[in-house]
1. Residue 238 versus (1) in the same structural domain as residue 130 (by the TED database); (2) surrounded by 15 or more Cβ atoms within 10 Å (Cβ to Cβ); (3) in contact (Cβ under 8 Å) with a residue 24 or more places away in the chain: which is the lone unmet condition?
2. Residue pairs, Cβ under 9 Å, 6 or more apart or interchain, first in region 210-222 and not assigned by the TED database to the domain that holds residue 198, second part of a helix (DSSP H, G or I). List them.
3. Go through 176, 125 for me and flag whichever is under 20 Å from the mean Cα position of the chain (by Cα), over 20 Å from residue 244 (Cα atoms) and at pLDDT 95 or above.
4. I need the full set of residues from region 150-172 which are assigned to a strand (DSSP E or B) and either at positive phi or open to solvent by 40 Å² or more (accessible area, probe 1.4 Å) (or both), in order please.
5. Within region 197-216, how many residues turn out to be more than 17 Å from the chain's Cα centre (by Cα), surrounded by fewer than 17 Cβ atoms within 10 Å (Cβ to Cβ) and assigned to a helix (DSSP H, G or I)?
6. All but one of (1) modelled with pLDDT under 95; (2) open to solvent by less than 30 Å² (accessible area, probe 1.4 Å); (3) not aliphatic (A, V, I, L, M) hold for residue 147; which doesn't?
7. What number of residues within region 175-196 satisfy the criterion of being free of Cβ contacts under 8 Å to residues at least 40 places away in the same chain and either touching a helix residue (DSSP H, G or I) at 6+ places or on another chain (Cβ under 6 Å) or not in a helix (DSSP H, G or I) (or both)?
8. Residues to consider are 46, 18, 102; find the one that is buried (at least 17 other Cβ atoms within 10 Å of the Cβ) and assigned to a helix (DSSP H, G or I).
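The values are calculated or read from the model by the stated rules, or taken from the named source; none is laboratory data. As the structure is a prediction and not an experimental result, all values here were calculated from the model. For neighbour counting, all protein chains shown are included, and Cβ atoms are generated from backbone atoms with ideal geometry for every residue, glycine included. Accessible surface areas use protein heavy atoms only, side chains included; no ligands, DNA or RNA. Shrake-Rupley method; radii C 1.70, N 1.55, O 1.52, S 1.80 Å.
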Amino acid sequence: MTLLGIDVGGSGIKGALVDSESGEMLTERFRIPTPKPRTPEAMSNVIAEIVQHFDYSGKVGCGFPTIIKKGVCKSPGNLDPSWLGVNVEELLEKKTGLDFTVINDADAAGYATMNYGVGRGKEGLVVMITIGTGLGSGAFYNGELIPNFELGQIPYKKYEKIELWAAGSAMEREELSYKKWGKRFNTFLEYVELIISPDLIILGGGASKDFKQFKKKIKIETPVIPAELQNHAGIIGAAVASLHKAPKV
């Protein structure tokens with residue numbers, strides 16, 4: 001089955017058609033910069049534009065960069081505060097006329113990685129960390145998704161949440177080298193290891209493709225590996241999640 005997956009990020013909104021059986025992208029991804037301000041009206045218009053680009057009619061899966069519960073945004077995250085309390089699924093369905101399934105973006109990336117990537121068949125507690133504007137995290141126990149596991153929201157020193165200090169956007173904003181940023185990211189992983197003691201950590205998002213440049217700065221005992229699907233995982237996972245309102249591996 002061909003499905004449309006959309007990955008909503010703080011800097012860009014991307015979409016592609018995906019084969020639900022193989023997990024392969026059937027088209028090149030189509031990307032539009034995330035509008036500023038990141039309001040529901042502006043962002044839903046961009047998502048509708050992506051749907052129109054593919055001339056698509058069918059179920060749509062959408063990975064969203066914050067906590068989503070039963071389709072409702074429970075935290076604005078790095079988006080506009082006006083997102084709080086919005087039923088994202090209903091908003092996008094009204095905007096496009098299509099059936100939308102909206103899940104946390106890190107959950108979507110993890111869902112793809114656990115079904116089609118390096119996480120396939122992995123037992124125990126596996127955590128997928130997506131490195132981008134924020135630090136998303138998707139958790140799986142023996143293949144079962146634990147939704148909305150937002151570890152990037154941990155407070156750190158003067159920062160309201162550690163992702164403001166250790167996400168990929170912080171590296172870009174402060175023009176940090178991978179060496180300096182890698183130390184920050186390792187601090188974040190130390191908290192993850194201390195709090196939940198995972199069996200495996202998989203890295204996704206834009207920075208995952210450059211893992212070799214900061215690998216030596218990762219000092220935790222938990223194995224850390226990059227995701228094969230890299231920054232396509234969010235699109236793939238969102239597309240396949242559209243087959244399941246409550247996605248399970």
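1. Tallying (1) in the same structural domain as residue 130 (by the TED database); (2) surrounded by 15 or more Cβ atoms within 10 Å (Cβ to Cβ); (3) in contact (Cβ under 8 Å) with a residue 24 or more places away in the chain, residue 238 fails exactly one: (1).
2. Nothing qualifies.
3. 125
4. Filtering region 150-172 for residues assigned to a strand (DSSP E or B) gives 156, 159.
Across region 150-172, the qualifying residue is only 159.
5. Just the residues of region 197-216 that are more than 17 Å from the chain's Cα centre (by Cα), to begin with: 197-200, 210-216.
Then keep just the ones that are surrounded by fewer than 17 Cβ atoms within 10 Å (Cβ to Cβ); that gives 197, 199, 210, 212-213, 215-216.
Imposing the further condition that a residue be assigned to a helix (DSSP H, G or I) reduces the set to 210, 212-213, 215-216.
The total comes to 5.
6. The number of the failed condition is (2).
7. 9
8. Values: 18 fails: assigned to a helix (DSSP H, G or I); 102 fails: assigned to a helix (DSSP H, G or I).
Of 46, 18, 102, the one residue that is buried (at least 17 other Cβ atoms within 10 Å of the Cβ) and assigned to a helix (DSSP H, G or I) is 46.
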